[in-house]
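Inspection log for the structure reproduced underneath, given as C-alpha coordinates.
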Amino acid sequence: MTVSAPPAPPRLRRFACMMYEGVLLFGVVFLAGYLFDTLTQSRSGLMLRHGRQAFLFLAIGIYFLACWRRGGQTLPMKTWNIRLTDRGGAPLRGPRMLLRYLLLWPLPLITALAIAGLSRATGWASFDLLIVCAPFSIFFWTWIDPQGQFLHDRLLGTALRDLRAAPAS
(Lines give C-alpha, C1' and ligand atoms only; values in the text may rest on other atoms or scores of the structure.)
Protein backbone atom coordinates (compact mmCIF):
# COMPACT_ATOMS: atom_id res chain seq x y z
CA MET A 1 0.00 0.00 0.00
CA THR A 2 1.47 3.35 -1.01
CA VAL A 3 0.77 6.42 1.04
CA SER A 4 0.16 9.42 -1.17
CA ALA A 5 1.44 12.83 -0.18
CA PRO A 6 -1.12 15.28 1.19
CA PRO A 7 -2.69 17.53 -1.45
CA ALA A 8 -2.03 21.23 -1.86
CA PRO A 9 -3.94 23.40 0.61
CA PRO A 10 -7.06 25.10 -0.75
CA ARG A 11 -6.46 28.51 -2.32
CA LEU A 12 -8.52 30.25 0.34
CA ARG A 13 -6.31 28.86 3.13
CA ARG A 14 -3.17 29.87 1.23
CA PHE A 15 -4.65 33.34 0.74
CA ALA A 16 -5.44 33.62 4.46
CA CYS A 17 -1.92 32.45 5.24
CA MET A 18 -0.52 35.16 2.93
CA MET A 19 -2.61 37.81 4.72
CA TYR A 20 -1.30 36.67 8.11
CA GLU A 21 2.23 36.55 6.67
CA GLY A 22 1.82 40.15 5.54
CA VAL A 23 0.99 41.21 9.10
CA LEU A 24 4.13 39.53 10.43
CA LEU A 25 6.25 40.89 7.57
CA PHE A 26 5.18 44.39 8.56
CA GLY A 27 7.12 43.85 11.79
CA VAL A 28 10.12 42.34 9.97
CA VAL A 29 10.23 45.24 7.50
CA PHE A 30 9.76 47.82 10.27
CA LEU A 31 12.64 46.42 12.35
CA ALA A 32 14.91 45.96 9.34
CA GLY A 33 14.11 49.48 8.13
CA TYR A 34 14.85 50.89 11.58
CA LEU A 35 18.16 49.01 11.66
CA PHE A 36 19.03 50.27 8.17
CA ASP A 37 18.19 53.87 9.10
CA THR A 38 20.21 53.62 12.30
CA LEU A 39 23.26 52.14 10.58
CA THR A 40 23.21 54.54 7.63
CA GLN A 41 21.92 57.60 9.52
CA SER A 42 19.35 58.15 6.76
CA ARG A 43 16.63 60.62 7.61
CA SER A 44 14.19 59.87 4.80
CA GLY A 45 12.75 56.77 3.17
CA LEU A 46 14.03 58.09 -0.16
CA MET A 47 17.64 58.37 1.01
CA LEU A 48 19.65 55.36 -0.15
CA ARG A 49 16.45 53.93 -1.62
CA HIS A 50 18.05 51.10 -3.60
CA GLY A 51 20.26 50.11 -0.69
CA ARG A 52 17.20 50.06 1.56
CA GLN A 53 15.30 47.86 -0.90
CA ALA A 54 18.22 45.42 -1.12
CA PHE A 55 18.51 45.35 2.68
CA LEU A 56 14.78 44.65 3.08
CA PHE A 57 14.93 41.95 0.38
CA LEU A 58 17.69 40.26 2.39
CA ALA A 59 15.84 40.68 5.71
CA ILE A 60 12.64 39.16 4.33
CA GLY A 61 14.67 36.34 2.77
CA ILE A 62 16.41 35.61 6.08
CA TYR A 63 13.02 35.51 7.81
CA PHE A 64 11.60 32.97 5.35
CA LEU A 65 14.73 30.82 5.16
CA ALA A 66 15.06 30.71 8.95
CA CYS A 67 11.42 29.67 9.33
CA TRP A 68 11.44 27.12 6.51
CA ARG A 69 14.65 25.60 7.88
CA ARG A 70 12.85 24.76 11.13
CA GLY A 71 10.15 22.36 10.00
CA GLY A 72 9.18 23.95 6.67
CA GLN A 73 6.73 26.39 8.24
CA THR A 74 6.42 30.03 9.17
CA LEU A 75 4.07 30.94 12.03
CA PRO A 76 1.16 31.60 9.62
CA MET A 77 1.86 28.29 7.89
CA LYS A 78 1.66 26.54 11.28
CA THR A 79 -1.59 28.32 12.05
CA TRP A 80 -3.15 27.31 8.72
CA ASN A 81 -1.68 23.74 8.75
CA ILE A 82 0.51 24.21 5.68
CA ARG A 83 4.03 22.80 5.29
CA LEU A 84 6.68 23.32 2.64
CA THR A 85 8.32 20.07 1.46
CA ASP A 86 9.86 18.57 -1.63
CA ARG A 87 7.51 16.59 -3.91
CA GLY A 88 8.18 13.42 -1.95
CA GLY A 89 7.25 15.02 1.36
CA ALA A 90 10.81 15.38 2.69
CA PRO A 91 11.99 18.63 4.32
CA LEU A 92 13.80 21.14 2.11
CA ARG A 93 17.45 22.05 2.48
CA GLY A 94 19.42 25.27 1.90
CA PRO A 95 19.86 25.76 -1.84
CA ARG A 96 16.29 24.84 -2.76
CA MET A 97 14.86 27.07 -0.05
CA LEU A 98 16.95 29.97 -1.34
CA LEU A 99 15.91 29.29 -4.94
CA ARG A 100 12.27 29.12 -3.88
CA TYR A 101 12.55 32.52 -2.23
CA LEU A 102 14.21 33.98 -5.32
CA LEU A 103 11.71 32.40 -7.77
CA LEU A 104 8.78 33.64 -5.73
CA TRP A 105 9.49 37.25 -6.85
CA PRO A 106 9.41 37.42 -10.69
CA LEU A 107 5.66 37.00 -11.24
CA PRO A 108 4.59 39.67 -8.71
CA LEU A 109 7.30 42.02 -10.02
CA ILE A 110 6.17 41.54 -13.63
CA THR A 111 2.58 42.19 -12.52
CA ALA A 112 3.70 45.37 -10.72
CA LEU A 113 5.50 46.54 -13.88
CA ALA A 114 2.38 45.83 -15.95
CA ILE A 115 0.28 47.89 -13.53
CA ALA A 116 2.79 50.77 -13.70
CA GLY A 117 2.76 50.54 -17.51
CA LEU A 118 -1.04 50.59 -17.57
CA SER A 119 -1.05 53.66 -15.35
CA ARG A 120 1.45 55.46 -17.57
CA ALA A 121 -0.23 54.41 -20.82
CA THR A 122 -3.67 55.58 -19.74
CA GLY A 123 -2.54 58.61 -17.74
CA TRP A 124 -4.80 57.45 -14.90
CA ALA A 125 -2.70 57.43 -11.75
CA SER A 126 -5.53 55.63 -9.96
CA PHE A 127 -4.40 52.41 -11.67
CA ASP A 128 -1.38 52.53 -9.35
CA LEU A 129 -3.70 51.41 -6.56
CA LEU A 130 -3.87 47.98 -8.19
CA ILE A 131 -0.29 47.40 -6.97
CA VAL A 132 -1.79 45.76 -3.87
CA CYS A 133 -2.95 42.92 -6.15
CA ALA A 134 0.54 42.15 -7.49
CA PRO A 135 1.56 39.67 -4.75
CA PHE A 136 -1.54 37.59 -5.47
CA SER A 137 -0.57 37.08 -9.10
CA ILE A 138 1.25 33.94 -7.96
CA PHE A 139 -2.18 32.32 -7.66
CA PHE A 140 -2.81 32.46 -11.44
CA TRP A 141 -0.70 29.35 -12.03
CA THR A 142 -2.59 27.33 -9.40
CA TRP A 143 -5.60 27.12 -11.72
CA ILE A 144 -3.43 25.59 -14.46
CA ASP A 145 -1.26 23.28 -12.36
CA PRO A 146 -2.68 19.74 -12.00
CA GLN A 147 -1.89 19.63 -8.25
CA GLY A 148 -2.77 23.30 -7.68
CA GLN A 149 0.80 24.23 -6.75
CA PHE A 150 2.44 27.62 -7.35
CA LEU A 151 4.66 28.05 -10.42
CA HIS A 152 7.83 28.45 -8.36
CA ASP A 153 7.02 25.21 -6.51
CA ARG A 154 6.37 23.39 -9.80
CA LEU A 155 9.71 24.59 -11.23
CA LEU A 156 11.72 23.59 -8.14
CA GLY A 157 10.04 20.32 -7.29
CA THR A 158 8.77 21.70 -3.99
CA ALA A 159 5.20 21.66 -2.71
CA LEU A 160 2.93 23.18 -0.13
CA ARG A 161 1.14 20.41 1.76
CA ASP A 162 -2.22 20.50 3.49
CA LEU A 163 -1.52 18.97 6.90
CA ARG A 164 -5.24 18.64 7.67
CA ALA A 165 -5.51 16.15 4.83
CA ALA A 166 -2.44 14.16 5.94
CA PRO A 167 -3.15 10.50 6.63
CA ALA A 168 -2.93 9.47 10.28
CA SER A 169 0.30 7.67 11.13
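The values are calculated or read from the model by the stated rules, or taken from the named source; none is laboratory data. Bear in mind the structure is a predicted one, so any value in this text is a computation, not a measurement. As a convention, Cβ positions derive from the backbone with ideal geometry for all residues, glycine included, and neighbour counts pool all protein chains shown. Surface accessibility is based on the protein's heavy atoms, side chains included, excluding ligands, DNA and RNA. Shrake-Rupley method; radii C 1.70, N 1.55, O 1.52, S 1.80 Å.
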Seminar exercise, completed: Only unsatisfied item for residue 75, checking (1) in contact (Cβ under 8 Å) with a residue 40 or more places away in the chain; (2) under 16 Å from residue 159 (Cβ atoms); (3) among the hydrophobic types (A, V, I, L, M, F, W, C), is (2)
For this session: Considering each residue of region 136-161, count those that are open to solvent by 60 Å² or more (accessible area, probe 1.4 Å) and either under 20 Å from residue 19 (Cβ atoms) or not in a helix (DSSP H, G or I) (or both), and give that number.
Result: 6
Exercise. Taking region 60-86 as the region of interest, how many residues are assigned to a helix (DSSP H, G or I), within 13 Å of the chain's Cα centre (by Cα) and not β-branched (Val, Ile, Thr)?
Worked result: 8
For this session: Check whether at least one residue in region 114-134 is under 21 Å from residue 59 (Cα atoms) and loosely packed, with under 15 Cβ neighbours inside 10 Å, and report yes or no.
Result: yes
For this session: Could you list, in sequence order, all residues of region 51-74 that are surrounded by fewer than 14 Cβ atoms within 10 Å (Cβ to Cβ) and either at pLDDT 95 or above or more than 17 Å from residue 9 (Cβ to Cβ) (or both)?
Result: 51, 53, 54, 58, 62, 66, 69, 70
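Does residue 83 satisfy being touching a helix residue (DSSP H, G or I) at 6+ places or on another chain (Cβ under 9 Å), at pLDDT below 90, open to solvent by 80 Å² or more (accessible area, probe 1.4 Å) and under 20 Å from residue 158 (Cα atoms)?
No: the conditions fail for residue 83.
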Exercise. Taking the stated definitions as given, is residue 46 more than 22 Å from residue 162 (Cα to Cα) and open to solvent by 100 Å² or more (accessible area, probe 1.4 Å)?
Worked result: yes
Exercise. So, in region 31-43, of the ones that are touching a Leu at 6+ places or on another chain (Cβ under 6 Å) and hydroxyl-bearing (Ser, Thr, Tyr), which residue ends up least open to solvent (accessible area, probe 1.4 Å)?
Worked result: 42
Exercise. In region 4-17, is there at least one residue being modelled with pLDDT under 90 and open to solvent by 50 Å² or more (accessible area, probe 1.4 Å)?
Worked result: yes
Exercise. If you check 120, 96, 164, 100, which single one turns out to be in a helix (DSSP H, G or I), over 15 Å from the mean Cα position of the chain (by Cα) and touching a residue at least 24 places away in the same chain (Cβ under 8 Å)?
Worked result: 164
Problem set entry | Unique residue being within 17 Å of the chain's Cα centre (by Cα) and aliphatic (A, V, I, L, M) when the list is 112, 125 | 112
